[in-house]
Amino acid sequence: MSAQRTERLLNVVQVLLSQHQPLTKARFHEVIEDYRNSPSDTAFERMFERDKESLRELGINIETVAMDAWHEDEFGYRLDHRSARLAPMELSTDEIAVLNIAARVWDQAALGPAARTALHKLEAIAPEGVGERHLPRLIELRLDTSDHAFPAMVRATTERRRISFNYRKPGQAETGERHIEPWRVVLRRWHWYVIGLDRDRDEARVFRLSRVVGDVVLDNAPGSYSIPADLDVSSVSPDPDSRPEQKAVIRVRANTCHRLRRDARVEPRKDPAPVGKDGVDWDLLRVPFRGVDSFASVIAGCGADAIVEFPPELRDRVVALLSAAAGES
């Protein structure tokens, strides 16, 4: 189901919940934007009937009633409020903590606002006295979704809409147009990729979002293809990067920067563990990377918990990112 239709169904339910009297079809046409923008009365009628049926399939009972006891040729619609209420939900402190961690992963990212809003609503039903400030900050994770193509790719994948975009191969200045059916958006080694069927080559391909040039054009027909049921994302390898792999030396605060630690080698300590001014231990990591800009964004996300010791150009880029962020705040 497309995001637009989902929003329209929610609007229909909201309108019904807010009214104590039955609403006529004409009234729905006035207050629901999609109905109001229908190209014709026939299109509106079809859309309205489909929406009523979809809501009934979801267990939301919309009753049809006569608007006038003396005239049975004019009908209205009202909601059985019992069918629209969710069963009481109870979440334990541990469950709220897990959801809190999940929301923090998307903090400051493209999906951040939605994640935070959902979390605040769930905290409202948490056990008394439990809120975000009471939850342990066991780990700090961040997902960078700064690639301009990310929102469109996620939408296309969710709604199963064919897309086209201009793409620059590694090491080349020219771009070529691609036409794909996106299956999944995945994160690999600091970069986002879209996996899907390349319609021009009729085979599965992987494209890195940072190499998409310009806008992603979405087809207007949601649900126009099927995602393979046996899709194994782990078996699809990202396209090779032409840049040579480098090694960064980064000093990180103990028990932080878990995303950096995932691919890092921790240097064995020959001397007693280094301790910062705040009395916290620090570890020395050697982390492989390719692109300075993308990797600097990852390190900058660690804030004061990470200090780049080598190479100098990576350290300078991280400092520039943090300085820019401080200037905006």
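Here are a few things to note about the model shown:
- No other residue among Val319, Val280, Val236 is over 30 Å from His179 (Cα atoms), at pLDDT below 85 and of a type in the set (Val, Ile, Thr) apart from Val280.
- For the stretch 55-96, the candidate set comprises residues that are in a strand (DSSP E or B) and small (Gly, Ala, Ser); within that set, the residue that is modelled with the lowest pLDDT is Ala66.
Yes/no matrix, rows are residues, columns are (1) more than 23 Å from the chain's Cα centre (by Cα); (2) open to solvent by 20 Å² or more (accessible area, probe 1.4 Å); (3) under 13 Å from Pro151 (Cα atoms):
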position	(1), (2), (3)
Gln172	yes, yes, no
Glu177	yes, yes, no
Tyr193	no, no, yes
Gly196	no, no, no
Arg205	no, yes, no
Ser210	no, yes, yes
Leu218	no, yes, yes
Ala221	no, yes, no
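- Residue pairs whose Cβ atoms lie under 9 Å apart, sitting 6 or more positions apart in sequence or on different chains, and linking a residue in the stretch 251-270 that is open to solvent by 100 Å² or more (accessible area, probe 1.4 Å) and at pLDDT below 90 to a partner that is in a loop (DSSP other than H, G, I, E, B) and of a type in the set (A, V, I, L, M), are Asn255/Leu138; Asn255/Ile139; Asn255/Val280.
- Scanning the stretch 20-31 for residues that are open to solvent by 70 Å² or more (accessible area, probe 1.4 Å) and touching a helix residue (DSSP H, G or I) at 6+ places or on another chain (Cβ under 9 Å) yields Arg27, Glu30.
- Matching residues, the stretch 32-54, being surrounded by 15 or more Cβ atoms within 10 Å (Cβ to Cβ), out of contact with any strand residue (DSSP E or B) (no Cβ under 6 Å at 6 or more places or on another chain) and in a helix (DSSP H, G or I): Asp34, Tyr35, Phe44, Met47, Phe48, Asp51, Ser54
- Qualifying residue in the stretch 2-17 (condition: out of contact with any Pro (no Cβ under 6 Å at 6 or more places or on another chain) and in a loop (DSSP other than H, G, I, E, B)): no
The values are calculated or read from the model by the stated rules, or taken from the named source; none is laboratory data. None of these values were measured; they are calculated from a predicted model. Using ideal geometry, Cβ is built from the backbone for each residue, glycine included, and neighbour counts are taken over all protein chains shown. Keep in mind that these areas ignore ligands, DNA and RNA; they rest on the heavy atoms of the full protein, side chains included. Shrake-Rupley method; radii C 1.70, N 1.55, O 1.52, S 1.80 Å.
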